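Asker: Before I ask anything, here is the structure I am working with.
The values are calculated or read from the model by the stated rules, or taken from the named source; none is laboratory data. Being a predicted model, the structure only gives us computed values, none of them experimental. Ideal geometry is used to build each Cβ from the backbone, glycine not excepted, and the neighbour counts take in all protein chains shown. Calculation scope for accessible area: heavy atoms of the full protein, side chains included, ligands and nucleic acids excluded. Shrake-Rupley method; radii C 1.70, N 1.55, O 1.52, S 1.80 Å.
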Amino acid sequence: MSIATDEPRRQKIASERSEPSLEASGEAAQGQTSAEPSAGMNKQTSNGESVGLWEQIFQRENLLQALKRVETNGGAPGVDGMTTDDLRPYLSVHWLEIKADLDARRYRPQPVKRVEIPKPDGDVRLLGIPTVLDRFVQQAILQGLTPLFEPKFSAHSYGFRPGRSAHGAVKAAHTYIREGYEWVVDIDLEKFFDRVNHDALMARVRRVVKDGRVNRLIHLYLVSGVMVNGVVMEAEEGTPQGGPLSPILSNIMLDDLDKELEKRGHRFVRYADDCNIYVKTQRTGERVMASVKRFIERRLKLRINERKSAVDRAIRRKFLGFSFFKHKGEMFRRVAKQALDRLKGKLRELTRRTTGKPMEEIIRQVNQYLTGWLNYFRLADTPSTFPEVDKWLRRRLRQIVWKRWKRPATRQRNLIALGVLPKLAHQTASSGKGYWHLAQSPALQQALNNTFWRQQGLRSISERYQQFRST
């Protein structure tokens, strides 16, 4: 179905946030009020009628829930340029037409927009951004599929599931290591989202979903193609990262791996396409790696990334941004070096000396980023990590201030005003040393001290870490 990119902007409606007319067509949709889809394949309406999965997905309450989720998630527009702000007004006018196309099997998803996200190792992660309309339909499907598949998924799977998180995965891994399983079979699937076989994936979906209309629509999203530089490329395999359906489809595909590892009695943790199996010896780990590799290649038609996968001691590997270390016979968690390097890289972007942003805006952005970062890494058992980050960050900010003071006379005057003795202020202001060096000089540390930055609004992550750990 073709969507004019400027159509939403041409529609004049009284209120952009008004409730759209999301009415499902067909007799089966009548009388439905439940916001949560049933976990069964069919459910009963208030009139006692049987409602299939298709009708559950496109009932009004489920659609409104999907719309709110898409609006909350935000994100960039797809190939048609429509934004999440445009979606509700557009649906208010066009939903009945869209629903008629869906029911008549005329609806065709738009190609996804290809975006490349650089990885720390120099590689790129390929994201596919669907249009907001397709994100809305995918979200509605996801809400219908979730109660069907969730009860069947493994307890060892933590990625993209309700009530589960990376924290749960890290804690589970920590538990296994503390129990003496200190060797890890670290498996990374090579470009998993780009190489999933469509036939193999849909066969697994059809094991649970018996509604052919739903299966057909899911398959259409898999083969909708990718737009690169204005050219649509067909998708013969893969499930592009970026759409609401991609995470649950990845879990559906890899559930066979989970069940196989459970059958073998392994202690393992899987988060999306990262799977760690914990064993007691290197020899066992090598045997497990060989057998699991055969299973993945033969049964799932996927490949292991040989460069990133390994059998090693768990303390030498990172997992979801954390690493582990032993101290006095106890195993602890810490922020992995790679995660700290990424943090500093992001903070360098936000605190460039050449930025023209006001200091208030710089600090606001830094605080915002660090709040999310600390919320994730608060699981670390290393309090010393966080004061070091605070110290490094304040030094970055001091060099910005020093550069903006520009002239030696201005620098000397400002240092004295902030309590530095005149002689030390003069020596520092007339020094020809670089910004980074002077940012840790006694004069600048005294003038632009912790109290100064607290007054500017900078929040200490060390103090917030201590608050997290004490609650």
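Asker: What tally of residues in the range 287-327 results from selecting those that are more than 27 Å from residue 340 (Cβ to Cβ) and loosely packed, with under 14 Cβ neighbours inside 10 Å? Before you say what the answer is, go through the steps one by one.
Answerer: Going through the range 287-327, the residues more than 27 Å from residue 340 (Cβ to Cβ) turn out to be 287-304.
Okay, now just the ones that are also loosely packed, with under 14 Cβ neighbours inside 10 Å, so 290-291, 294, 297-299.
Of the residues in that region, 6 qualify.
Asker: Exactly one of (1) in a helix (DSSP H, G or I); (2) open to solvent by less than 20 Å² (accessible area, probe 1.4 Å); (3) of a type in the set (A, V, I, L, M, F, W, C) is unmet by residue 96. Its number?
Answerer: (2)
Asker: If I filter the range 381-419 down to residues being in contact (Cβ under 8 Å) with a residue 60 or more places away in the chain and more than 18 Å from residue 446 (Cα to Cα), which single residue comes out as most open to solvent (accessible area, probe 1.4 Å)?
Answerer: If we take residues in the range 381-419 being in contact (Cβ under 8 Å) with a residue 60 or more places away in the chain and more than 18 Å from residue 446 (Cα to Cα), then 383 is most open to solvent (accessible area, probe 1.4 Å).
Asker: For residue 372, all conditions in the list (1) closer than 22 Å to residue 434 by Cβ; (2) open to solvent by 30 Å² or more (accessible area, probe 1.4 Å) hold save one; what is the number of the exception?
Answerer: Checking residue 372 against (1) closer than 22 Å to residue 434 by Cβ; (2) open to solvent by 30 Å² or more (accessible area, probe 1.4 Å), the one that fails is (1).
Asker: Given 441, 470, 460, which one is in contact with a Ser or Thr (Cβ under 6 Å, 6 or more places away or on another chain) and hydroxyl-bearing (Ser, Thr, Tyr)?
Answerer: 441
Asker: Which condition breaks for residue 462 when tested against (1) polar (S, T, N, Q); (2) over 30 Å from residue 382 (Cα atoms); (3) part of a helix (DSSP H, G or I); (4) open to solvent by less than 70 Å² (accessible area, probe 1.4 Å)?
Answerer: (2)
Asker: Within the set of pairs 6 or more residues apart or between chains, which connect a residue that is on the phi < 0 side of the Ramachandran plot inside the range 451-471 to a residue that is basic (Lys, Arg) and part of a helix (DSSP H, G or I) with Cβ atoms less than 7 Å apart?
Answerer: Every condition considered, the pairs that remain are 453/394.
Asker: Shifting gears a bit: Can you go through 334, 270 and tell me which one is open to solvent by 80 Å² or more (accessible area, probe 1.4 Å) and either outside any helix (DSSP H, G or I) or within 27 Å of residue 192 (Cα to Cα) (or both)?
Answerer: Criteria check complete, one pass: 334.
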